[in-house]
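Throughout, read-outs are computed from the coordinates displayed, never taken from laboratory work. For clarity, every value in this text was computed on a predicted model and none was experimentally measured. Heads up, the Cβs are rebuilt from the backbone with ideal geometry, glycines too, and the neighbour counts pull from every protein chain shown.
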Amino acid sequence: MSQESPTASRIVRAPDFNCPPFTADLLAGEVALVTGGGSGMGLGMAVGLAQAGASIAVLGRSPERTAAGVRRIEANGGRAVAVQADVRDQDAVSHAFDIVEKALGPVSILANNAGGNFPVLAEVMSANAWRAVTRIAIDGTFLCSTEFARRRIACGRAGVIVNNSAQYVWSGFPGDAHSAAAKAAIVTMTEAMAHDWRAQGIRVNCVAAGFFPHDGTPEGKDPEALAGLARMIPAGRVGEMREFGWLAAFLCSALAAGITGETLVIDGAERLRRVLLGPPFVPPRERAVIWGELS
Amino acid sequence: MNATSGWLAGKRALVAGSGAILVDVAAALRKGGATVVDSSRAATDDLEGVLSDAEVALGGNVDLLVHGGASIDVRASEATSLQQWRAGVSADLDGRFLQTAAFARRCISVGRPGSVLYLLPSRALAAGRVGRATSLGAVTNLIKTLAVEWARDGIRINGIASRACEDPASVGLVVRSSLGNLSAYLLSDYAAYITGMVTGINELATGEPT
């Protein structure tokens, strides 16, 4: 079954994976550390950066997942190593940077992607659930970014950070209070760090993404679920991971050398869809599925 | 061969509106492989005519529209006459909307996708910028609205709001170059999933919705 809306006649798509927007020398010599880079959107960033020529350090908690990420990058002709760390653990983060530095050289690009998300009503959310999502995203981004910046400043070199946020940071996300807070924090952290490190030549930008289904998302590769998602998005389709990875790589490249403190949204206008007179509002608590149901 | 070559290969672009930055952006589009007609210095209300002339010059339908709007004078609100107010806001807001609607009508009528980019003034507020701020607010929400209205027609629309757009001489060459590269990227099919967005370049603004 097609993943596209049956009513859409002019759906625009990005060029194929093998036709990236840059040659493999754009980021040659750069070392990119991607947190949560073994799967999902982190892997999308890692693959995009590798296509542009960067060597990749795939950081995550799971040896299996980071190894799978490395295999994927290598299968595409890239160079990558796996490194294990919990981004909430400052010492572990510092140690991970040491390991990457020995294997590939100093990290010059940091992609903060590590995060988690699951629907839960705010009034029944446990403190552990709240902390798990917010601390991975907020503390993890903070700890990795500051470790990165200290090292770049110490060696007197410029650097680039790209953060992964979400399209719901300006609207809130009912049924997802932890992620709504965490992802919005990443946008403002992006701006503040861009201010802090402007003089040192460290650029910090962010990508706020919409639906980019992958193996770890609820709809996975289920064609019917994906078709339902496509119908609800103005662009008539979901995002494709290469589009996300390429945008991240663009922001990390010299092509964007003057861009810092910005958040670019890539969501097919999903965040903007609304009808003035729509179906009745149903509070998350009264829905069969907290995030709502596809039709 | 430059890093952006091929991004806009085969595309036909019309550059309209006003602003010195349009020269940079037109050059970036050409570097990306587009054929470009620059009508930015044309003073006309015949917006259909601008498109028709561009189609003749380009040898086919216009695929990309870049609009620089109009520069609105910096002036204290209470010292702004109705005539001055309307002249500025009309030139910027009406000019962008009417030209873009004419472009979209042509795309829709022939079943072709299209991509629009607005170059906008900075979102930073300062005394005397009420005209610019008013028009910018209107245009920003216009971008969001048109993105949804035309998404299923394959027409995308985005904006770059930056000091570089209103006064290129006030920023460095690196920022200007990045603006050109970002313009080419957003107009290209590589940004096929980006629509309804307004971004800056190096504004270090505070948490504004995009």
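When peptides B:186-198, A:153-165, A:109-121 are ranked by their average number of other Cβ atoms within 10 Å per residue, the highest-first order is B:186-198, A:109-121, A:153-165. How big is the antiparallel share of DSSP beta bridges in segment B:14-199, given as a percent to the nearest 5? Roughly 0 percent of the beta bridges in segment B:14-199 run antiparallel, per DSSP. Peptide A:247-259 has a mean of 6 when you count, residue by residue, the C-beta atoms of other protein chains within 10 Å of its C-beta. Compared with the dominant principal axis of the Cα atoms in chain A, helix A:40-51 is inclined by about 50°.
Compared with the direct C-alpha span, the chain from A:ALA127 to A:ALA103 gains 4.8 nm at full extension, assuming 0.36 nm per residue.
Dividing the helix sum by the residues of chain B, where each DSSP H run of 4 or more adds -39500 (n - 2.57), gives a mean residue ellipticity at 222 nm of -13000 deg cm²/dmol.
The residues neighbouring A:ALA80, those whose beta-carbon lies less than 12 Å from its own, together hold a net charge of +2 under the Lys/Arg +1, Asp/Glu -1 convention.
In the distance distribution for segment B:14-199, Cα-Cα pairs more than 20 Å apart total 52 percent. A Gaussian network model of chain A, with springs between Cα atoms under 10 Å, assigns the largest mean-square fluctuation among A:VAL58, A:VAL124, A:VAL93 to A:VAL124. Add +1 for every Lys or Arg and -1 for every Asp or Glu among the other residues with Cβ under 12 Å from the Cβ of A:GLY37, and state the total. Net local charge, A:GLY37 excluded: +3. Under a model in which nothing but the beta-carbon of Lys, Arg (+1) and Asp, Glu (-1) is charged, the protein assembly as shown shows a dipole of about 220 debye around its Cα centre. Restricted to Cα atoms, chain A shows a radius of gyration and a Dmax of 18.9, 59 angstrom.
Backbone N atoms of segment A:101-134 closer than 13 Å to the 7 Å Cα→Cβ label point of A:ARG285 belong to residues A:121-125. Put simply, the amide H of A:ASN117, placed in the peptide plane, has no neighbours under 5 Å, leaving out anything fewer than 5 places away on its chain. In deg cm²/dmol and to the nearest 500, what is the mean residue ellipticity at 222 nm of chain A if only DSSP H runs of at least 4 residues count, each as -39500 (n - 2.57), divided by the residue total? Rounded to the nearest 500, the figure is -11500 deg cm²/dmol. P(r) for the protein assembly as shown, from all Cα pairs and a bin width of 20 Å, is 23, 56, 20, 0 %, short bins first. For the residues B:ALA57, B:ALA91, B:ALA133, a GNM of chain B with alpha-carbon springs under 10 Å puts the largest fluctuation on B:ALA57. Sequentially through segment A:127-141, phi angles give Karplus couplings (6.51, -1.76, 1.60; θ = phi - 60°) of 4, 5, 5, 4, 5, 4, 6, 6, 6, 4, 6, 7, 5, x, 5 Hz, Gly and Pro residues having no value and appearing as x. Derived scalar couplings between HN and Hα for segment B:139-153 equal 5, 4, 6, 5, 4, 5, 5, 5, 4, 6, 4, 10, 4, 6, 8 Hz in order, rounded to whole Hz, by the Karplus curve 6.51 cos²θ - 1.76 cosθ + 1.60 (θ = phi - 60°), x for Gly and Pro. Summing +1 for each Lys or Arg and -1 for each Asp or Glu among the other residues whose beta-carbon sits under 14 angstrom from that of A:ALA92 gives -3. Computed over segment B:55-135, the range of Cα coordinates on each principal axis works out to 47, 25, 21 Å, biggest value leading.
For the options A:ALA57, A:ALA127, A:ALA149, a Gaussian network treatment of chain A with springs between C-alpha atoms closer than 10 Å singles out A:ALA127 as fluctuating the most.
Couplings 3J(HN,Hα) for segment B:184-194, derived from phi with the Karplus relation 6.51 cos²θ - 1.76 cosθ + 1.60 (θ = phi - 60°), are 4, 5, 5, 7, 7, 5, 5, 9, 4, 9, 10 Hz, where x marks Gly and Pro. Across segment A:46-122, C-alpha contacts under 8 Å between residues 6 or more apart give a mean separation that, scaled by the residue count, equals a relative contact order of 25 percent. Decide, for segment A:37-123, between rounded, prolate and oblate: order the square roots of the alpha carbon gyration tensor eigenvalues as a ≥ b ≥ c, take rounded if a/c falls under 1.5, and otherwise choose prolate if a/b is larger than b/c, else oblate. Since a/c reaches 1.5 but b/c is at least a/b, the shape of segment A:37-123 is classed as oblate. Neighbour counts of C-beta atoms inside 10 Å place B:HIS67, A:HIS214 in the sequence A:HIS214, B:HIS67, starting with the fewest. Taking amide H positions as modeled 1.01 Å from N, with prolines and chain starts lacking one, the residues under 5 Å from A:ARG61 and 5 or more places away or on another chain are A:ALA85. Subtracting the Cα-Cα distance of A:GLU74 and A:SER62 from their residue separation scaled by 0.36 nm leaves 2.5 nm. Normalising the Debye intensity of segment A:19-177 to I(0), with uniform scatterers on Cα atoms only, and taking log10 at q = 0.09, 0.17 Å⁻¹ returns -0.30, -0.96. In plain terms, the bigger the Kirkwood radius, the slower the diffusion; for segment B:1-56, with that radius from Cα pairs, at 37 °C and 0.692 mPa s, Stokes-Einstein puts D at 277 µm²/s. Taking every alpha-carbon pair under 8 Å whose residues sit at least 6 apart, chain A reaches a relative contact order of 20 percent.
Once C-alpha pairs closer than 8 Å and six or more residues apart are averaged by separation and normalised to the residue number of segment B:14-199, the relative contact order reads 26 percent. Taking the Cα of B:PHE97, stepping 7 Å toward and past its beta carbon, and measuring to each backbone N in segment B:45-69: which are under 18 Å? Residues B:45-48, B:67-69 qualify, since their backbone N sits under 18 Å from the label point. Taking Cα centre as origin and charging only the Cβ of basic (Lys, Arg, +1) and acidic (Asp, Glu, -1) residues, the dipole magnitude of chain B rounds to 340 debye. Taking amide hydrogens as placed 1.01 Å from N in the peptide plane, the amide H of A:SER165 sits under 5 Å from those of A:VAL207, A:ALA208, A:ALA209, each at least 5 positions away in sequence or on another chain. With R₀ fixed at 60 Å, the C-beta to C-beta distance from A:ALA199 to A:PHE118 puts the FRET efficiency at about 0.90. Against chain B, whose longest principal axis is taken from its Cα atoms, helix B:47-58 shows a tilt of about 40°. Other protein chain C-beta atoms within 10 Å of residue C-beta, averaged over B:152-159: 4.
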